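> Please find one structure pasted underneath; my questions will follow.
The values are calculated or read from the model by the stated rules, or taken from the named source; none is laboratory data. Predicted model, so just to flag it, every value in this text is computed and none were measured. Here the Cβ positions follow ideal geometry from the backbone for every residue, glycine too, while neighbour counts run over all protein chains shown. With ligands, DNA and RNA removed, areas are computed over all heavy atoms of the protein, side chains included. Shrake-Rupley method; radii C 1.70, N 1.55, O 1.52, S 1.80 Å.
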Amino acid sequence: MPRYLSMVQIDEKTAPAEGPSDALMQRMGELIEEMTKAGVLLDTAGLMPTAQGSRVRWEKGQLSVTDGPFTEAKEVVGGYAIVQAKDMAEAIEWTKRFLKVHEEHWTVTCEVREIVEG
């Protein structure tokens, strides 16, 4: 069965400063438990803010390292999930359920892509 990476994109400027609410975390935990029991969820995690990250770039034979935050980025990857699903449609359905656990004041986008095997 194919695996899919769902990259969770958030706008750090508009995300709640206090982070996810307790209610959101409870709903998220329930969904993660359901996905794990269904054998769909392989791995998931949130990421620290870009202020605590670095970008490493290779361009024209030269490496450069830029410490965060990355002011030019409106949306950044704030987390990820790796799911195993029968097809892209099923992976998207699980992603929709993930997005719906968020309160209305959140703006969250997930990019879902199949992982190349082999």
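> Could you grab the pairs with beta carbons closer than 9 Å, sequence gap of 6+ or different chains, first residue in the stretch 86-106 and under 14 Å from residue 27 (Cα atoms) and touching a residue at least 12 places away in the same chain (Cβ under 8 Å), second one of a type in the set (Gly, Ala, Ser) and part of a helix (DSSP H, G or I)?
103/23
> Is it the case that residue 40 is modelled with pLDDT of 95 or more, surrounded by 15 or more Cβ atoms within 10 Å (Cβ to Cβ) and not acidic (Asp, Glu)?
Yes: the conditions hold for residue 40.
> Taking residue 66, is it modelled with pLDDT of 95 or more and in contact with a Ser or Thr (Cβ under 7 Å, 6 or more places away or on another chain)?
When the stated conditions are applied, residue 66 does not pass them.
> Looking only at the stretch 38-49, which residues are assigned to a loop (DSSP other than H, G, I, E, B) and under 12 Å from residue 4 (Cα atoms)?
Across the stretch 38-49, the qualifying residue is only 40.
> Right, residue 77: in a strand (DSSP E or B), within 21 Å of residue 5 (Cβ to Cβ) and not hydroxyl-bearing (Ser, Thr, Tyr) or not?
So residue 77 passes the test.
> Another one. Starting from the stretch 8-26, take each residue that is closer than 20 Å to residue 71 by Cβ and part of a strand (DSSP E or B) and list its partners that are among the charged types (D, E, K, R) and open to solvent by less than 90 Å² (accessible area, probe 1.4 Å), counting only C-beta distances under 7 angstrom and pairs at least six apart or across chains.
9/75; 9/111; 10/75
> Please state which of the following conditions residue 78 fails to meet, knowing it meets all the rest: (1) at pLDDT 95 or above; (2) open to solvent by less than 40 Å² (accessible area, probe 1.4 Å).
Every condition holds for residue 78 apart from (1).
> Give the residues of the stretch 81-92 that are surrounded by 12 or more Cβ atoms within 10 Å (Cβ to Cβ) and either touching a Ser or Thr at 6+ places or on another chain (Cβ under 7 Å) or not in a loop (DSSP other than H, G, I, E, B) (or both), sorted by residue number.
Matches in the stretch 81-92: 81, 82, 83, 84, 88, 90, 91, 92.
> Quick one: in the stretch 93-118, of everything that is in a helix (DSSP H, G or I) and open to solvent by 50 Å² or more (accessible area, probe 1.4 Å), which residue is farthest from residue 6 (Cα to Cα)?
Step by step, filter the stretch 93-118, then rank; the result is 100.
> Still on this model: Please verify whether the stretch 50-72 includes one or more residues that are without any contact (Cβ under 8 Å) to a residue 24 or more places away in the chain, of a type in the set (Asp, Glu), open to solvent by 80 Å² or more (accessible area, probe 1.4 Å) and in a helix (DSSP H, G or I). Even if it seems obvious, please write down each step before you answer.
Within the stretch 50-72, the subset without any contact (Cβ under 8 Å) to a residue 24 or more places away in the chain is 51-68, 70-72.
Next, only the ones that are of a type in the set (Asp, Glu) stay: 59, 67, 72.
Pick out the ones that are also open to solvent by 80 Å² or more (accessible area, probe 1.4 Å) and you get 59, 67, 72.
From what's left, in a helix (DSSP H, G or I): none.
No: the stretch 50-72 contains no residue that is without any contact (Cβ under 8 Å) to a residue 24 or more places away in the chain, of a type in the set (Asp, Glu), open to solvent by 80 Å² or more (accessible area, probe 1.4 Å) and in a helix (DSSP H, G or I).
> Being farther than 13 Å from residue 79 by Cα, of a type outside the set (A, V, I, L, M) and surrounded by 10 or more Cβ atoms within 10 Å (Cβ to Cβ) narrows it down to one of 12, 34, 18, so name that one.
Numbers: 12 fails: farther than 13 Å from residue 79 by Cα; 18 fails: surrounded by 10 or more Cβ atoms within 10 Å (Cβ to Cβ).
When all the criteria are applied, what remains is 34.
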